[in-house]
Structures are given as C-alpha cells and as structure tokens.
Amino acid sequence: MSTVVTGATGHLGRLVVEALLRRGVRPSEIVATGRDTEKIKDLADLGVVVRRADFADSASLGAAFAGARKLLLVSTTTVGERVANHRRALEAARAAGVSEVVYTSMSNADSATMTLAKEHRATERHLRDSGVPFVILRNGWYLENYTEQLASVLEHRTVAGSAGEGRVSAASRADYAEAAAIVLTTEGHLGSVYELGGDKAFSLTELAAAYSDATGHDITYAGLPATGFAELLTGAGLPREFAEVLADADLGLARGELFTDSGDLSRLLGRPTTSLAEAISSALAARRTAH
Ligand SMILES: NC(=O)c1ccc[n+]([C@@H]2O[C@H](COP(=O)([O-])OP(=O)(O)OC[C@H]3O[C@@H](n4cnc5c(N)ncnc54)[C@H](OP(=O)(O)O)[C@@H]3O)[C@@H](O)[C@H]2O)c1
C-alpha cells in the first residue's frame, strides 16, 4: 500500500516526495503523479513510482490511485476548474479505497471572501461529504510568492501591492511540504484542519524594510488600488484574469484573510518556521550563484 502525491511535477508536490524520502519512506511505497511526468524522471530513477494523473481525466486518476493507502491531494492550478478537478480526484480516491486524503487548502478557507478561497471552500465541503477520512492543510501564502519577485524589486526598488497594512503569515514551500510529509507519516491527524503559516506575520511595508535591510538599498512599499495593481501585473506579462485574482488576494490580505496565529505549522514541524529574513537571504544567495 502506497502514499500517492499529486502535483509532484510541481514545486510543492516534489518537495513533499523529497521530504517523505528523507523521513525514511521507501521509494517503492511513494507514487508521484502529475501530467508532465518527464519533469520527475529523476524521482523515478530513485525508485519512486511515477504515474501520469490528469485531473481532467477520471480514468487516469483511477489508474494513478490504484493501491493507494494515503493520498496527498495538492490543489491544481487552473482557477475556475479546480472544484471539478478536485471532485473527480475525490471520487477516484473513494473508488480506489484510499483510507486517508490530505488536501492542501488555503488560509481561513471557511471564512475568507477572496476569489481564491471559493474553490478551496467547495473542495473542503466535498471532502467532508465524501466519507473518506481526511486531513485539511490550510497552507498560507508562500514566502516564494515574494522572493521570486526579487529581480523586479531590486530593479524598481519597490514592493507593489494592494494589501494596505494587512499582515500575511507566509511560510516557505519547504516548510509546508515537510509538514505534509509529517502528517502523512505520523498518526493522530484524522479530521484535523491545520491553519498553517509562518510564525511571524509581516505587512508589505515590513517586507520592503526586510529587503532594504538585506540588500542595503532603500526599498519602499507602493500601495496601489486593486485595479492599478492588476494593471501593473498585466503590464509585467501576467494574464489579466490571473492578475485580477492576485490583486483580489491582496485585498483579502488587507482584510486579514492570509493571517493566522495558530502556531500549527511550527508545532507540526517541531521547530520555528523559516523566517522572511532567511528566505530573502537564500534568494539573494541563489541570485549571486546564478550570476
Ligand atoms: N499558497 C500559495 O501561496 C500558493 C501559490 C501558488 C499556488 N498555490 C496552490 O498550491 C498548489 C501547489 O503549489 P506549487 O507551487 O507546487 O504549484 P506548481 O509548481 O504550479 O505545481 C502545480 C502542480 O499541479 C499540477 N496540476 C495542475 N493542474 C493539473 C491537472 N488538471 N491535473 C493534474 N495535475 C495538475 C501540475 O502538474 P503538471 O505541471 O504536470 O501539469 C503541477 O504538478 C498550486 O497548484 C496551487 O493550487 C498556492
């Protein structure tokens, strides 16, 4: 009986597979899935079972989940199609006799009103209705959502957003992945809803100050109305629909929807979460290595 990880061709899922291996799970007991399985050939080389699973194709899900005991369902990327995708995955999990589904939801999914929360809330509802034992990991914002913008921040000496002085409990993907691996490999989590986030929330003004401290440059936060921020993101090359979703998420951040002080993430990890300063320092080091 195996542990199936969806989205293993993406950032978070791959990190979960790597964390499971570090925790001593045998490669042959891990099934790593995604659509573009070429991306995880290296995991197959380690002995991890690699299967193609497309959430739009129920037959592929049934084949991918066969023999699974536990399933980590990493939410898919296409906003607007996610409820149908996740529903098909839950049906396939039930049909395969999976005894535990762990779902990566988002912060405050039960109460948040930002656009992104709707599909997570609906998926959580389907999960509860499915009758399959579950754990919900309400992952907060990724620190990488910010550090991946480092080049642009350094170029413009500005952090732009529409989050006002709202505070975000961001944590690294690696911390969320390790927490998922811990939940998948230890007992006592069934039925739990974990609000996962970084130990120290920060505002975008504080983010700009952290960039200033780390780089020695004067970096400031430029607060924009949501329409202006969406325009800026569209101008930078993001599809309009996605830019609007991100600007809407910043409004949610301003309302406190990406904040948690639950302490669940550091409690699961048994250590403090990776800090903003550490994440910026790693991103700067990676940038120096790349140049
Ligand atoms: N908390 C946050 O700040 C934050 C930020 C961004 C996203 N997210 C959510 O968290 C998830 C994981 O984050 P990430 O950084 O790992 O994202 P990512 O690197 O973009 O990976 C997304 C994964 O989802 C898979 N996927 C998407 N649509 C699929 C479908 N229809 N059928 C099968 N697989 C599908 C992709 O597979 P292929 O590449 O093989 O197609 C990929 O493995 C995202 O999918 C998104 O729901 C959270």
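Of note:
- Debye log10 I(q)/I(0) at q = 0.32 Å⁻¹ for region 21-67, Cα point scatterers: -1.13
- Evaluated at q = 0.16, 0.23, 0.30, 0.31 Å⁻¹, a Debye calculation over the C-alpha positions of region 151-193 (equal weights, vacuum) places log10 I(q)/I(0) at -0.69, -0.90, -1.04, -1.05.
- Under Karplus coefficients 6.51, -1.76 and 1.60, residue-wise ³J(HN,Hα) of region 142-153 in Hz, glycine/proline x: 7, 4, 5, 4, 8, 5, 6, 9, 4, 4, 5, 4
- Secondary structure note: in the chain, about 5% of the DSSP beta bridges are antiparallel.
- The equivalent ellipsoid that matches the C-alpha gyration tensor of region 43-127 spans semi-axes of 24, 13, 12 angstrom, in descending order.
- Counting only DSSP beta bridges whose two residues both lie in region 111-253, roughly 10 percent are antiparallel.
- Stretching E241 away from A290 to a fully extended chain increases their span by 14.5 nm, per 0.36 nm per residue minus the current alpha-carbon distance.
- The fraction of Cα-Cα pairs per 5 angstrom bin, counted from 0 for region 201-254, comes to 5, 20, 21, 19, 18, 14, 2, 0 percent, rounded to whole percents.
- Percent RCO, i.e. relative contact order, over the chain, from Cα pairs under 8 Å lying at least 6 residues apart: 18
- Computed label-point distance, nm, for sites E38 and H156 using a 7 Å Cα→Cβ extension: 3.3
- Values of log10 I(q)/I(0), in the order q = 0.11, 0.20 Å⁻¹, for region 219-291 under a Debye, Cα-only, solvent-free model: -0.47, -1.03
- When all alpha carbon pairs of region 33-182 are counted in 5 Å bins from zero, the resulting P(r) reads 2, 8, 15, 18, 20, 15, 10, 6, 4, 1, 0 %.
- Computed lengthening from D57 to T77, 0.36 nm per intervening residue step minus Cα-Cα distance: 5.7 nm
- Comparing A181, A66, A109 in a Gaussian network model of the chain where C-alpha atoms under 10 Å apart are linked, the largest mean-square fluctuation is found at A66.
- The angle separating the long axis of helix 82-95 from the principal Cα axis of greatest extent in the chain is about 20 degrees.
- Extents of region 1-99, taken as max minus min of Cα coordinates on every principal axis and listed largest first, are 34, 26, 19 Å.
- Largest-first ellipsoid semi-axes for the chain, taking √(5λ) over the Cα gyration tensor eigenvalues, angstrom: 32, 21, 18
- Dividing the Cα radius of gyration of region 155-291 by 2.2 N^0.38 Å, with N the residue count, gives 1.17.
- Length, then width, then depth: along the principal axes, the Cα atoms of region 139-227 run 48, 26, 20 Å.
- Measuring how big region 100-145 is from its alpha-carbon positions, Rg and Dmax come out at 11.0, 34 Å.
Each reported figure results from applying straightforward, stated rules to the coordinates on display, with no laboratory input. What you are looking at is a predicted structure, and each value in this text was computed from that prediction instead of being measured. Glycine also receives a Cβ, built like all others from the backbone with ideal geometry; neighbour counts cover every protein chain displayed.
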